[in-house]
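Worksheet: the structure to be examined is printed underneath.
The values are calculated or read from the model by the stated rules, or taken from the named source; none is laboratory data. All values derive from a computational prediction rather than experimental measurement. All Cβ positions, glycine included, derive from the backbone under ideal geometry; neighbour counts span all protein chains shown. All accessible areas refer to the heavy atoms of the entire protein, side chains included, with ligands and DNA or RNA removed. Shrake-Rupley method; radii C 1.70, N 1.55, O 1.52, S 1.80 Å.
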Amino acid sequence: MTESLPLNAEALYAELLPAVKGLIDASPAPVVLAGITSGGAWLAERLQRDLGLPGNAGVISSSMHRDDFAQRGLASSAQTALPFDVNGAHVVLVDDVLYTGRTLRAVINELFDYGRPASVRLAVLVDRGGRELPIEPTVCAARAEVPADRSLELARDDAGRLSFVLEPKKA
């Protein structure tokens, strides 16, 4: 059963926007955004537009480097598309929810398949704790406690409005 969550994704996005702008302003050029499929990609696309950045945000998938690839296989979500040169770029990875850090580890491996960035920073909408790897966000709009048997997921309606849902964890 899917449950609504009192976290207001639109209000959190409004907090994330100036934080990411500050991160970009403090970084030497070139700075590029890459969103982790799928919620992070939605956020990166919107940040790119709202911050008036040239070009398109990248989309990056963790599916090819996951440590549970044998169990999960290829995800049906979008695959990696980076419309910029990774070499020497200051990459801001954008994700909706940070949990164990395993997805981020896989994404960083994927990113390095495309080149060697000058730096990699992480901006997340929600950090739910529960880290299994030493990965921390540079920018985070909120921290939330979520039951271990639930998955916190970002949803987007046809008008582009964001919301969060709690779902039972997939086996």
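For this structure, a couple of remarks:
- Being surrounded by fewer than 18 Cβ atoms within 10 Å (Cβ to Cβ), over 13 Å from the mean Cα position of the chain (by Cα) and modelled with pLDDT of 95 or more holds for only one residue in GLY115, GLY73, and it is GLY115.
- Those residues of the stretch 156-171 which are assigned to a strand (DSSP E or B), open to solvent by 20 Å² or more (accessible area, probe 1.4 Å) and out of contact with any helix residue (DSSP H, G or I) (no Cβ under 8 Å at 6 or more places or on another chain), in sequence order: VAL165, GLU167, PRO168
- Residue check for GLY35: farther than 23 Å from ASP127 by Cα and either part of a strand (DSSP E or B) or touching a helix residue (DSSP H, G or I) at 6+ places or on another chain (Cβ under 9 Å) (or both): no
- In the stretch 132-154, the qualifying residues are those that are more than 24 Å from LEU47 (Cβ to Cβ) and open to solvent by less than 60 Å² (accessible area, probe 1.4 Å), and the one that is modelled with the highest pLDDT is LEU133.
- Matching residues in the stretch 90-109 - criterion: being out of contact with any Gly (no Cβ under 8 Å at 6 or more places or on another chain), surrounded by fewer than 23 Cβ atoms within 10 Å (Cβ to Cβ), of a type outside the set (Lys, Arg) and without any contact (Cβ under 8 Å) to a residue 60 or more places away in the chain: GLY101, ALA106, ILE108, ASN109
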